[in-house]
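See structure below.
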Amino acid sequence: MFNISLHTLTTIFLTLLLGTPVLVSIGIFGSALTMGISKNNILGPIITVPFYIPVLIFSASAIESVSNGLPYDLQIYVLLSILLLILPTMPYLLKYTLRISINN
Amino acid sequence: MIEFLSMGKHTAFVYTAYVFSVIVLVIGFYIPHFILNREVKKKKNENNKDK
Amino acid sequence: MNISKIANLKYFYKHTKNVSKILSFITFSLFIVGIFWGLYIAPKDYLQGDSYRIIYVHVPAAWLSLQVYIVMAVTGFIALVWKIKIMEIISIQSASIGAYFTLIALVTGMIWGKPTWGTYWVWDARLTSELILLFLYIGIIVIYSSFTDKRQGAKIAALLAIVGLINIPIIHYSVEWWNTLHQGPTVTKFEKPSAHITMLMPLLYMLLVFNLYFVTVLIKRVRLGIFQREKNTKWMESYLND
């Protein structure tokens, strides 16, 4: 499919699997922060995108390494560790943020 | 004198960097200075007007 | 000194008027001395000639940009947990100062990069994360100013500052962790510093002067913040009238 080897395809799938929950959590955090401002504010995405950058860099680096035949273990481990760090802490952080934002 | 002040072939770079930093630092210092003076003046005018 | 007296906004505002003037004068004089030292008295570098002198503004600015962020995050945390008003003001005001430092670090870094590496910018770990730091600072300032309820705005801004703390170790250790164009650690290596002492001294001096600058401007900005909050209170009006 798409003239990409199966190996690369599985790596792409793996980075997506590891990265998507992280991106979703960061996105929720970003929009929870800016909830209290007027409805049509553009601040949410502006805050969120800088936090996306490490995840994007590691995913892109992993896929580039695998398509060049180089080892990509490090990038996958880093993505995994980001996921494992974010997943337990995010619910508490989001609860706190939403409590502040809604408490008008 | 000019010999002493010159930085070899990188003169422009060094002086640009220093001048830029000094300008930014000075601006950063004077912004709160002027804003505070302006607001205090405004407040004093309001007080005098009310009297 | 009793901590509750410092936290008292009235006390701070009244008693820092003269301190602020003296500190400003001292900072400016020491700064001029430092620039003269860095530009003319420190010796030429064997490899880089004279362009290395940018280090005397670039490194202190970059170091302070990290330090000020930590101050902002810590005072933001204190404001969030213990709800001390002056900590809120300190946190928000140091965001602006930190943004200026980050800007200076980035621009002087670019100016230094051109003669030494041949390029103004490269997307390596340290430069990219310092750029992210600038975005974080700007984001905190913008988010605070777009809230109409300033106390809620301060809480949200403090939260953003604390979450962004992860960027600081990334910036600091990026030169150790990755193969990067940026120079490795030279000052914080405690075993045997690899720079000559006559080049190291003005650097440490400028570090101190930049710190002094931070304290001076912070005091001015906190006075401004206190005035903006308390301008309609009785004590401020009676203070202005005499």
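Derivation of every value follows stated rules applied to the coordinates shown; laboratory data play no part. Bear in mind that the values here come from a model prediction, so they are computed numbers and not experimental data. Note that we place each Cβ from the backbone using ideal geometry, even for glycine, and neighbour counts take in every protein chain shown.
Rounded to the nearest 500, what is the 222 nm mean residue ellipticity of the protein assembly as shown from helices alone, with -39500 (n - 2.57) per DSSP H run of 4+ residues and division by all residues? Write down the numbers at each step before the final one.
Working: 15 runs with 307 residues, N = 397.
So the helix-based figure for the protein assembly as shown works out to -26500 deg cm²/dmol.
List the lysines whose alpha-carbon lies under 19 Å from that of residue B:9, not counting same-chain residues fewer than 8 positions away?
Here the lysines satisfying the reach criterion relative to residue B:9 are C:44, C:114.
What shape does the stretch C:115-160 take by its C-alpha gyration tensor, where a ≥ b ≥ c are the square roots of the eigenvalues and a/c under 1.5 counts as rounded, a/b above b/c as prolate, and the rest as oblate?
On the way: a/c = 6.23, a/b = 3.63, b/c = 1.72.
Prolate is the answer for the stretch C:115-160, as a/c is 1.5 or above and a/b outweighs b/c.
Angle, helix A:6-33 long axis vs. longest principal axis of chain A, Cα atoms, 0 to 90°, nearest 10?
The angle comes out near 10 degrees.
Between the stretch C:91-163 and the stretch A:15-81, how many Å separate their Cα centres?
Answer, in whole Å: 19.
Check cross-link reach from residue C:234 to the aspartates and glutamates: straight Cα distance under 14 Å, and skip same-chain residues fewer than eight apart.
C:242
By the gyration tensor of its Cα atoms, with a ≥ b ≥ c the square roots of the eigenvalues, what is the shape of the stretch A:19-102: rounded for a/c under 1.5, prolate for a/b over b/c, or oblate? List each step's numbers first, then the result.
Values: a/c = 5.10, a/b = 2.07, b/c = 2.47.
Note, shape of the stretch A:19-102 comes out oblate.
Ranked by Cβ crowding within 10 angstrom, fewest neighbours first, how are C:238, A:31, C:129, C:65 ordered?
Details: C:238 9, A:31 16, C:129 21, C:65 26.
Sorted ascending by nearby Cβ count, the order is C:238, A:31, C:129, C:65.
Using the membrane-span-like helix rule (whole DSSP H runs, Cα extent along the own axis of at least 27 Å, mean Kyte-Doolittle hydropathy at least 0.5), which helices of chain C qualify?
Span-like helices here: C:17-36, C:55-82, C:85-117, C:125-145, C:197-230.
I need the peptides C:154-165, C:211-222, A:15-26 ranked by packing, meaning the mean over residues of other C-beta atoms within 10 angstrom, with the highest value on top.
On the way: C:154-165: 23.2, C:211-222: 20.7, A:15-26: 16.9.
Order by mean packing, descending: C:154-165, C:211-222, A:15-26.
Using a simple spin-label model with points 7 Å from Cα along the Cα→Cβ vector, what separation in nm is obtained for residue B:37 and residue C:16?
If labels sit at residue B:37 and residue C:16, their model points lie 1.9 nm apart.
What is the protein assembly as shown by shape, rounded, prolate or oblate, if you read a ≥ b ≥ c off the alpha carbon gyration tensor as root eigenvalues and call it rounded for a/c under 1.5, prolate for a/b larger than b/c, and oblate otherwise? List each step's numbers first, then the result.
Values: a/c = 2.39, a/b = 1.15, b/c = 2.08.
Oblate, because a/c is 1.5 or more while a/b does not exceed b/c.
Please go through the residue pairs B:42/C:155; C:83/C:220; C:10/C:150; C:14/C:83; A:39/B:43; A:39/B:42 and name each one whose alpha carbons sit more than 26 Å apart in this structure.
With Cα atoms farther than 26 Å apart: B:42/C:155; A:39/B:43; A:39/B:42.
Give the calculated FRET efficiency between residue C:197 and residue A:40 to the nearest 0.05, with a Förster radius of 56 Å applied to their Cβ-Cβ distance. Let's see the in-between values first.
Values: r = 58 Å, r/R0 = 1.04.
So the FRET efficiency works out to roughly 0.45.
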